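The values are calculated or read from the model by the stated rules, or taken from the named source; none is laboratory data. Computed from a predicted model, the values in this text were never measured in an experiment. So basically every Cβ, Gly included, is an ideal-geometry build from the backbone, and we count neighbours across all protein chains shown. All accessible areas refer to the heavy atoms of the entire protein, side chains included, with ligands and DNA or RNA removed. Shrake-Rupley method; radii C 1.70, N 1.55, O 1.52, S 1.80 Å.
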Amino acid sequence: MSGRKLAVQLLDRTEREKSYSNLLLDHELSRSGLNDPERRLCSMLYYGVIKRRITLDTVLEKYSKQPLKKLDMTVRNILRIGIFQLCYCDQIPPHAAVSESVKLTRTLRKASASGFVNAVLRQFFRDGCQIPYPKEPQAAMAVRYAVPEWLLKRLVSAYGEAQTEKFLEDALMPAPRYVRRNPTACTKTEFEQTLGDKVTPVGQVSDAYLLHAGIGDIRTMPQFQKGWFYVQDLASQICALALGAQPGETILDVCAAPGGKTCTIAAQMQNRGQVYACDLSQHRVGLIQKNTARLGLSCVIASQADARKPHPVCRKADRVLCDVPCSGIGVLRRKPEVKEKDPSTFLDLPPLQLEILEQSSQAVKLGGILIYSTCTLLPEENSEVVMQFLQKHPEFQPVPVLPTFGDVLNQSMVTLFPDVCGSDGFFIAKLQKC
């Protein structure tokens, strides 16, 4: 098995099963037996092709004599990997990119396509590896950043071309890994002295750290196994901190799996009080239980529950976190396959999100806090849902999300972008029941 071969197999599975790239890659690499260089090569090619599929297919449409839809799926993915290497992998010699792609046709039992793959890649290389951009500016932008035009138009309409371009450029880059220290398990000094140059503190967000590249599987680190830290994107950390949970309070966290925000809330409460964390999927409830157990956060009660219905135990909470299912457009750098979804599948989300928000609001005490959040950037799932809710519920008033941080977080509805604080794209609205 080689990194290239596994990358093609994973691309086939992603296309066939519509699976999440991060979960599929982690699972298959863990059982592949590949050495570290081959694992890194596989990850780079797999994510690279998914992130830039639209760009790569624009090249293929010009150089393939057969329509893309008629190409065998595996052959199509071999060609995508070859073009990706020629365009974006300076460390891989062009002759190796071509010859290794041709070899893949044999190892993957597609030998009859070896001449075709060789001809397409060699012709593209002879032409200087020039991507054939459309003449129309927005269509060219869609090809450059490998996004469907419908999504590009939505983002430009909501945020303007400059902000959209920054976001889409970031989405093509490797996603940073942030971790959060568990203050109930170790001190700041212990954590920083032990992990040393493996981490860098994140300025204003206390206990947040950027995990440096090249560490490998953090699950094998003794500090991880002892519950000293957990992986959580910066936006998710900020969202949980904005809830402002205090020791001894009662908190409801709906749609909580896999439990990153739940853990931050429980740690912020010094493990004193009660955090009811629920999720529709019993399997995902198990992820919350596993994470909180490793971190020693005993104040969390995780259970299966439908967020569209009253919580069976927690009827009046000091604070409620409502992090709803969404289209996931804000996390393209982690789940690039999201942009391949049919936009019609997102149409049912806003009504569902509003239903969950309205039901969750019933559990908030007088004077309590309600947070609505998503990891998308589409206004119809964010501000428009909140405004509909406020029209029906005048007893809730918008309040600043995290005023101690200043800047954009001093607003009651905040859209975070990677260029603002290094986080994923994220939306947070904070409301108080008066």
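Of note:
- With the highest mean first, a sort of the peptides 347-356, 153-162 on other beta-carbon atoms found within 10 angstrom per residue produces 347-356, 153-162.
- Cα-based equivalent ellipsoid of the stretch 272-391: semi-axis lengths in Å, sorted from largest, via gyration tensor: 26, 20, 12
- In the full protein context, the chain carries 45 Å² of accessible surface per residue, based on a 1.4 Å probe and ignoring ligands, DNA and RNA.
- Among 307-314, 255-262, 106-113, 176-183, the peptide with the highest mean count of other Cβ atoms within 10 Å heads the list, and the full ranking is 255-262, 176-183, 307-314, 106-113.
- Rounded to the nearest 20, the size of the Cβ-charge dipole of the chain about its Cα centre is 1240 debye, with Lys and Arg at +1 and Asp and Glu at -1.
- The mean sequence distance of close C-alpha pairs (under 8 Å, at least 6 residues apart), as a share of the length of the stretch 63-147, puts its relative contact order at 26 percent.
- In the chain, the calculated helix contribution to ellipticity at 222 nm averages -14000 deg cm²/dmol per residue, counting -39,500 (n - 2.57) for every DSSP H run with n ≥ 4.
- Given charges at Cβ of Lys, Arg, Asp, Glu: the stretch 183-332 dipole, positive-most of Thr264, Gln289, Pro183: Gln289
- Protein accessible area in the chain, 1.4 Å probe - carbon and sulfur %: 51 percent
- Accessible heavy-atom area order of Trp150, Trp228, highest first, probe of 1.4 Å: Trp150, Trp228
- Using only alpha carbons, the chain has a radius of gyration to Kirkwood radius ratio (Rg to Rh) of 1.00.
- Kirkwood Rh in Å, taken over all unlike Cα pairs in the stretch 255-340: 13.8 Å
- Across the chain, C-alpha contacts under 8 Å between residues 6 or more apart give a mean separation that, scaled by the residue count, equals a relative contact order of 12 percent.
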